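The structure appears right after this line, and notes come after that.
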Amino acid sequence: MSDEYRFPVDLTSILLFASALGETNPIYYDEEHAARTPLGGVIAPPTFSIASAHWNPDHPLRGVRRIPRPGHAPASGRPAGGPEPGGGGGPNLTRVLHGEQRFEYHRPLRPGMVLHASSHPGKSWAKEGRRGGQMRFSERITEYRDGNGELVVTETSVGIVTGKAVES
Amino acid sequence: MSNPKLRCEDLSVGDQREAVVVENLSRTQIVQYAGASGDFNPIHHDETFATGAAGYPSVFAHGMLTMGLTGKLLTDWLGDGVLRSFGVRFVSQVWPGDTLTARGTVRSVEDRGDDGLVSIDLVTVNQKGEPVVTGSATALLARSR
C-alpha cells in the first residue's frame, strides 16, 4: 500500500458519492444553496474521504484501472485484486473483510481542497472466529491534510483476514 | 463552521431518532457505490465471483455503503458539518433487497462552554431486525445564550 498520495477533491466526485448514497441533501451539490448556509459552500458527506481510493496508486481493489503513480511506468498485467477472481499478487478477496471504520473530523472537507493523504499501520491482533476460523485484525490509519498542513479528516480502518469465507 | 439543525439543549440523554435509510437495496446502488468510492472488489458486483469462488449466496453491499447510509441519519438529524467523530463495526452483511433502518440514541451531552458535545449510540438493522452495523458518533452543537 502506498503511504502517501494526493487527493484532489472536486464537486463532481462529491456529487457522485452523495448520489450513490441516495442523498438529496443540497449541501452536497447545490452551490447556491450551500453559499447561503453558515458553511458558506458545498461540503462532502461524512464518509467521503474513503473515495481517496481513486487516487491511491496502490489501492488493491481498483478494477481495470491502469493509471500509474506519477513518475512510474504503467502497471503491467492484471492489477492485484482485479476482475479475475483471486488474480494478481493482491489479497485473496474472498478472505478479506472490513471489520470496523472510524472517522475523526477536524474541519469540513470541501471541493477545491487538494488533500495530502498519509497512512500508516496501527494495532494488529488475532482471535478465533466462531465461523471463519482464525481471524487476523489490522488497523490502518490515514490522515488527510489540506494545503496548509492542517488535519481535515483522520480515518482508522480495521481489516480482517479470515481463515475461510465467512458464512452469514 | 457548521450548519446545525439543533442546539445542544434540544437533546437529552435517551432521546432517539430512527429513519429508513434504504429500502429494497438494489444491485444498481451497490454498483453505483463501487464507482463512486473506488472499491471494485468483485464480491460486491460480480455475482459469478461472489457465489462461485467466494461461496456467498449473492453479491453484498460494501460495508462503507452501509456506513454512508447510516451517516444520513446523523446529518438529517443533527445538521451539516457538526460531526466530530463517526465509527462503526460491520457486524453482518447487507444483501440486495434489504431495507435498512438506522437508529441513534443520545448517550451523553457534555458541556464545552459555548457548545455541547453530544455522543450518540448507533445501530442499523435490516428488515428482520438484525443489526448490520453498530457504532457511535459525536457532534458539536452550539448552546443558546
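Listing for the model above:
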| read-out | value |
| --- | --- |
| Counted residues, the range B:75-107 - those being more than 7 Å from every other protein chain (Cβ to nearest Cβ) and in contact with a strand residue (DSSP E or B) (Cβ under 7 Å, 6 or more places away or on another chain) | 16 |
| Looking only at the range B:36-45, and only at residues there that are within 7 Å of chain A (Cβ to nearest Cβ) and not hydroxyl-bearing (S, T, Y), the one that is nearest to B:N3 (Cα to Cα) | B:A36 |
| Near pairs, Cβ below 6 angstrom, 6+ apart or cross-chain, from the range B:48-63 (more than 8 Å from chain A (Cβ to nearest Cβ)) to any residue that is of a type in the set (D, E, K, R) and not in a loop (DSSP other than H, G, I, E, B) | B:V59/B:E47 |
| Candidate set: the range A:52-68, residues that are more than 25 Å from B:G71 (Cα to Cα) and not basic (K, R); chosen: the one surrounded by the fewest Cβ atoms within 10 Å (Cβ to Cβ) | A:V64 |
| Residue list for the range A:1-51, restricted to those being facing another protein chain (nearest Cβ under 9 Å), surrounded by 15 or more Cβ atoms within 10 Å (Cβ to Cβ) and part of a loop (DSSP other than H, G, I, E, B) | A:L21, A:G22, A:E23, A:N25, A:T37, A:L39, A:I43, A:P45, A:P46, A:T47 |
| Members of the range B:64-88 found to be of a type in the set (S, T, Y) and without any contact (Cβ under 8 Å) to a residue 24 or more places away in the chain, listed by number | B:T75 |
| Pairs where the first residue, in the range B:1-13, is more than 8 Å from chain A (Cβ to nearest Cβ) and the second is among the polar types (S, T, N, Q) and in a loop (DSSP other than H, G, I, E, B), C-beta under 7 Å, 6+ apart | B:R7/B:S144; B:E9/B:S144 |
| Number of the exception - B:E18 against (1) out of contact with any helix residue (DSSP H, G or I) (no Cβ under 6 Å at 6 or more places or on another chain); (2) farther than 22 Å from B:A137 by Cα; (3) at pLDDT 95 or above | (2) |
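The values are calculated or read from the model by the stated rules, or taken from the named source; none is laboratory data. Because the structure is predicted, anything quoted here is derived from the model rather than measured. FYI the Cβ positions are ideal-geometry reconstructions off the backbone, even for glycines, and counts take in every protein chain you see.
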